[in-house]
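The values are calculated or read from the model by the stated rules, or taken from the named source; none is laboratory data. Treat the numbers as computed from the prediction; the structure is a model and nothing was measured. For neighbour counting, all protein chains shown are included, and Cβ atoms are generated from backbone atoms with ideal geometry for every residue, glycine included. The accessibility values were calculated without ligands, DNA or RNA, using every heavy atom of the protein model including side chains. Shrake-Rupley method; radii C 1.70, N 1.55, O 1.52, S 1.80 Å.
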Amino acid sequence: MLAFHVSQAAAAIFAFAMVYAGLTDLTTMRIRNNLCLWLFASYAVLAPFVGFTVEQIAWSAAFAAGLLAVSFILFAFGWMGGGDGKLLAVTALWLGVDHAPAFLIYTGLFGGALTLAVLQLRLVGLPAFLGNRPWITRLQSDNSGVPYGVAITLAALVVFPQTRWFGL
């Protein structure tokens, strides 16, 4: 019974954090470090109560660490934002090694669609009444990147219901 309640709490924490990350990345092009740390700490506390074994936690942590290392390399080349890399890694930790392939595929698909939408926005523009918002102006700028945290969020919310967190 405790595992069920912890699972519900974990789902709420994860969903809220992911939606918050996606929205803040969209509107500010930033993902807060303390949000990623909060997700990491929440996982560390809650995963054992839901029934994850030490081996499952270790494999998830190793995979997440590998993603973080690759993300840092991509960041160093300017191909990925630092916040996006941290969010990608901590999200993979929560989803686990067994759901990581689906998560990464969905992230790529949603990221590609998001990139095409942003590029289209830059070509076509928006009506004047929408263009006076700083975050939309930033999206329209050719000097701005793509808020990839939105794609990570969407992919996470698609994959998360198939995980053990919902299996109780």
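See the values below:
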{"item": "Of G125, F110, L157, farthest towards positive along the dipole that unit charges on Lys, Arg, Asp, Glu beta carbons give the stretch 70-168", "result": "G125"}
{"item": "Surrounding net charge for L139, when Lys and Arg each add one and Asp and Glu each subtract one, Cβ distance under 15 Å", "result": "+2"}
{"item": "Inter-site label distance for S141 and R30 at 7 Å from Cα along Cβ, in nm", "result": "1.4"}
{"item": "Mean ellipticity per residue at 222 nm, deg cm²/dmol - from DSSP H runs of n ≥ 4 across the chain, formula -39500 (n - 2.57)", "result": "-25500 deg cm²/dmol"}
{"item": "Kirkwood Rh and Cα Rg combined as Rg over Rh, evaluated for the chain", "result": "1.01"}
{"item": "Size of electric dipole in the stretch 51-168: Cβ of Lys, Arg +1 and of Asp, Glu -1, about Cα centre, debye, nearest 20", "result": "300"}
{"item": "Accessible surface of the stretch 31-76, 1.4 Å probe, proportion on carbon and sulfur as whole %", "result": "79"}
{"item": "Modelled FRET efficiency - R0 22 Å, D98 with W38, Cβ distances, 0.05 increments", "result": "0.40"}
{"item": "Cβ-derived FRET efficiency at R0 22 Å, A3 paired with V54, nearest 0.05", "result": "0.85"}
{"item": "Cβ-derived FRET efficiency at R0 41 Å, V158 paired with L123, nearest 0.05", "result": "0.90"}
{"item": "Axial C-alpha extent at least 24 Å, average Kyte-Doolittle at least 1.6 - helices from the chain (DSSP)", "result": "54-76"}
{"item": "Loop-exposed chymotrypsin sites (Phe, Trp or Tyr not before Pro) per DSSP, neighbour cap 12 Cβ within 10 angstrom, longest uninterrupted part of the chain", "result": "80-168"}
{"item": "C-alpha center-to-center spacing [the stretch 29-61, the stretch 74-124] in angstrom", "result": "19"}
{"item": "Cα gyration tensor shape of the stretch 61-129, rounded if a/c is under 1.5, else prolate or oblate by comparing a/b with b/c", "result": "prolate"}
{"item": "Probe 1.4 Å, protein heavy atoms only - accessible area per residue of the stretch 110-168 in square angstrom", "result": "56"}
{"item": "In nm, spacing of pseudo-spin labels at V70 and A113 (7 Å Cα→C-beta vector)", "result": "2.2"}
